[in-house]
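The values are calculated or read from the model by the stated rules, or taken from the named source; none is laboratory data. Bear in mind the structure is a predicted one, so any value in this text is a computation, not a measurement. For neighbour counting, all protein chains shown are included, and Cβ atoms are generated from backbone atoms with ideal geometry for every residue, glycine included. Ligands, DNA and RNA are stripped out before the accessible areas are found, and what is left, the full protein with its side chains, is counted by its heavy atoms. Shrake-Rupley method; radii C 1.70, N 1.55, O 1.52, S 1.80 Å.
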Amino acid sequence: MGSFCQLALAILSLCEGLKAFPHLRTKPSDPKVDFENILSMAKHLLSDTKHLYHNFKFKYPLEGEHKLDTLPVLSINAIELSTIQIPTGLTKLSSDLFLYQKHFDWLKKAAHVVRPMDHEFTSVHNRIDKLVKKIDLLIIKHNIVRVSDPPLPQLPNTTTQWGVVQMGHAIFHHFHLFLDYATRVLVLMKNKL
């Protein structure tokens, strides 16, 4: 029993000794820095998505506006945008990104139809995943009650080239608009800190 107590005391003193080294202590993160990192990721993803969308349109031109009912709806006016609160803004961004991620999942699986672009689809999908994880981590840090993820969208079973191209146009167009909106929302939320 005596050796057990000595071992416990030695471990405790070691832990106390480690606290004396300031570089070993973890500093609480600055929320503005967290928002700035997420904002930077969103801006880079916006730029890359814009470039990829132009490549997609060049390789697979298709006239007209293409809609997809399973995509998140962006319906917010300037007044609502200026009054957005951090908890609702972060959870909305997270759930919408989750839905876009599922659409890019579908596009990635159907990419064999538009083979030269499958690498780009995978790249965008992976970056969305990183952004979702960063936002979810921020939600946890802010102790925001998270609603459950939205239900999975029912995407078509078609993998014809025509169907994939139509869906690709709709997904890229709406995702580009969403990322533009998301960067504005992140700036507004960061300024409220």
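Take the conditions assigned to a helix (DSSP H, G or I) and farther than 26 Å from residue 58 by Cβ and apply them to residue 165. Does it pass?
Answer is no for this residue.
Looking at the structure I just gave you, is residue 165 touching a helix residue (DSSP H, G or I) at 6+ places or on another chain (Cβ under 8 Å) and touching a residue at least 60 places away in the same chain (Cβ under 8 Å)?
So residue 165 passes the test.
Could you list all residues from region 169-182 that are in contact with a helix residue (DSSP H, G or I) (Cβ under 6 Å, 6 or more places away or on another chain) and surrounded by 18 or more Cβ atoms within 10 Å (Cβ to Cβ)?
171, 172, 175, 179, 182
Select, from 153, 72, the only residue that is more than 16 Å from the chain's Cα centre (by Cα) and either hydroxyl-bearing (Ser, Thr, Tyr) or not in a helix (DSSP H, G or I) (or both).
Going through 153, 72 in turn, the sole match is 153.
Can you tell me which of (1) more than 14 Å from residue 181 (Cα to Cα); (2) part of a loop (DSSP other than H, G, I, E, B) is the one residue 104 doesn't meet?
Only one criterion in (1) more than 14 Å from residue 181 (Cα to Cα); (2) part of a loop (DSSP other than H, G, I, E, B) is unmet by residue 104, namely (2).
For region 52-69, enumerate the residues that are outside any helix (DSSP H, G or I) and either open to solvent by less than 40 Å² (accessible area, probe 1.4 Å) or out of contact with any Pro (no Cβ under 9 Å at 6 or more places or on another chain) (or both).
Residues satisfying the conditions are 60, 61, 62, 63, 64, 65, 66, 67, 68.
So in region 128-143, with the set limited to residues that are open to solvent by less than 30 Å² (accessible area, probe 1.4 Å) and either touching a residue at least 40 places away in the same chain (Cβ under 8 Å) or not in a helix (DSSP H, G or I) (or both), which one is nearest to residue 33 (Cα to Cα)?
Once the filter is applied, the top-ranked residue is 138.
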